[in-house]
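Student: I'd like to ask you about the structure that follows.
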């Protein structure tokens, strides 16, 4: 295999991994909310129109497992849970910004 093919394969794998971490309908929208600061579950649920509590819980757990969000549980009654971005999650901001800019250019190009 030539060097260009190996480099393309490596880049492809890295892109696939990125899509695994932030892909899907909800994760980028969750990131958008958390880029604004710490949020509680209810705040996220209200901000993401159409997401079920079950789906939000699942997405947050996956993002926590991938190391991009932090879940802070406060031992009080009623229970309080806050979500924030980890430094790794914060590092996705330029990626999401680039996707936003590309989306704007694409909309302009096709309309």
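Student: Of all the helices (runs of 4 or more DSSP H) wholly in the range 21-91, which have at least 3 residues that are surrounded by 15 or more Cβ atoms within 10 Å (Cβ to Cβ) and in contact with a strand residue (DSSP E or B) (Cβ under 7 Å, 6 or more places away or on another chain)?
Tutor: It comes to 53-65.
Student: A further question on this structure: Does residue 24 fit the bill of being in contact (Cβ under 8 Å) with a residue 12 or more places away in the chain and on the phi > 0 side of the Ramachandran plot?
Tutor: yes
Student: While we're looking at this one, here's another question. Across the range 54-96, what is the total count of residues that are more than 15 Å from residue 18 (Cα to Cα) and in contact (Cβ under 8 Å) with a residue 40 or more places away in the chain?
Tutor: Total satisfying the criteria: 6.
Read-outs: derived from the displayed coordinates by stated rules, not from any lab. Since this is a predicted model, take the numbers as computed values, not measurements. Counting neighbours? That spans all protein chains shown, and the Cβs are built from the backbone with ideal geometry, glycine included.
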